[in-house]
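After the structure tokens below, expect a handful of questions from me.
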Ligand SMILES: NC(=O)c1ccc[n+]([C@@H]2O[C@H](COP(=O)([O-])OP(=O)(O)OC[C@H]3O[C@@H](n4cnc5c(N)ncnc54)[C@H](OP(=O)(O)O)[C@@H]3O)[C@@H](O)[C@H]2O)c1
């Protein structure tokens, strides 16, 4: 049975992925980690009905409290897959005017996830195998005036995953970086109201499931974002600085 730890299990994207996994014939042992026990227990009950042969358990943890996460992993004896999906879409203007807001954004989107990733990598190193899935963003590919604090945080995870992939090349440890484009979850509810086109979360979850199965290095989802960001990354500054994005 595959043993999976899902951090930020209550995230819209992970909930959709968990529902995909619950349709698969292979039973799984899944630990749902998050800070909202009521929502975690609701998910546990729902998933258990969808996949009766699987085992779902709940672990309450504020993922910004890294020592708590470290203790949690140290107590587990066997894990095949760890997904670190925590994130907060910070308000760019707040971060520009209030360093505490910027600090909180960096803490939630960069520092704590990076430390959780390093701990997970060390866990797999000691175990000799495992698959770590990190969540970056297309926003990490180029700093833009509308969201560069969030983008810079996600860029940190990009370099970190690259380094971990290099470290574990030719081993039984694999690291996948997921880079969603704007996706229809609670995180982007305000964008939806503003009429921004968002990818259906089911499509993103299906892409992520394929990427995990194929042990991909990096996934842009929906896939068109790979080409959009390739172009955007290569715009000369003189052109890029004229864009209001
Ligand atoms: N949706 C998008 O457009 C988009 C685009 C690019 C990248 N991403 C990334 O994809 C990942 C999943 O996003 P989503 O759209 O599914 O977002 P979401 O539905 O808003 O979920 C975010 C999750 O992070 C959890 N979280 C945040 N800080 C935490 C902490 N300190 N401890 C424990 N849990 C914490 C939240 O827990 P609570 O439920 O307790 O608040 C929630 O489960 C995130 O890393 C996000 O940055 C999303």
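The values are calculated or read from the model by the stated rules, or taken from the named source; none is laboratory data. A quick note: this is a predicted structure, and the numbers were derived from the prediction, not measured. Virtual Cβ from ideal backbone geometry, glycine too; neighbours counted across all protein chains shown.
Just name the residue that is nearest to residue 141 (Cα to Cα) out of those in region 178-198 that are assigned to a helix (DSSP H, G or I) and out of contact with any helix residue (DSSP H, G or I) (no Cβ under 9 Å at 6 or more places or on another chain).
Only one residue fits best here, namely 191.
Condition first: within 10 Å of the ligand (Cβ to nearest atom) and under 19 Å from residue 91 (Cα atoms). Now tell me which residues in region 168-191 satisfy that.
180, 181, 182, 183, 184, 185, 186, 187, 188, 189, 191
Right, another one. Determine which member of the set 183, 188, 193 is in contact with a strand residue (DSSP E or B) (Cβ under 8 Å, 6 or more places away or on another chain) and farther than 18 Å from residue 111 by Cα.
One residue alone meets the criteria, 183.
Can I ask one more? Take residue 124 and tell me if it is touching a strand residue (DSSP E or B) at 6+ places or on another chain (Cβ under 6 Å), in contact (Cβ under 8 Å) with a residue 40 or more places away in the chain, surrounded by 15 or more Cβ atoms within 10 Å (Cβ to Cβ) and assigned to a helix (DSSP H, G or I).
Answer is yes for this residue.
Where the second residue is surrounded by fewer than 17 Cβ atoms within 10 Å (Cβ to Cβ) and the first is without any contact (Cβ under 8 Å) to a residue 24 or more places away in the chain and lies in region 100-113, which pairs have Cβ atoms under 8 Å and are six or more apart or on separate chains?
Close Cβ pairs satisfying both conditions: 101/91; 101/94; 104/88.
Quick one: what pairs do we get from region 186-215, first residue at positive phi, second at pLDDT 95 or above, C-beta under 6 Å, 6+ apart or different chains?
As it stands, the answer is 215/174, since those pairs meet every condition given.
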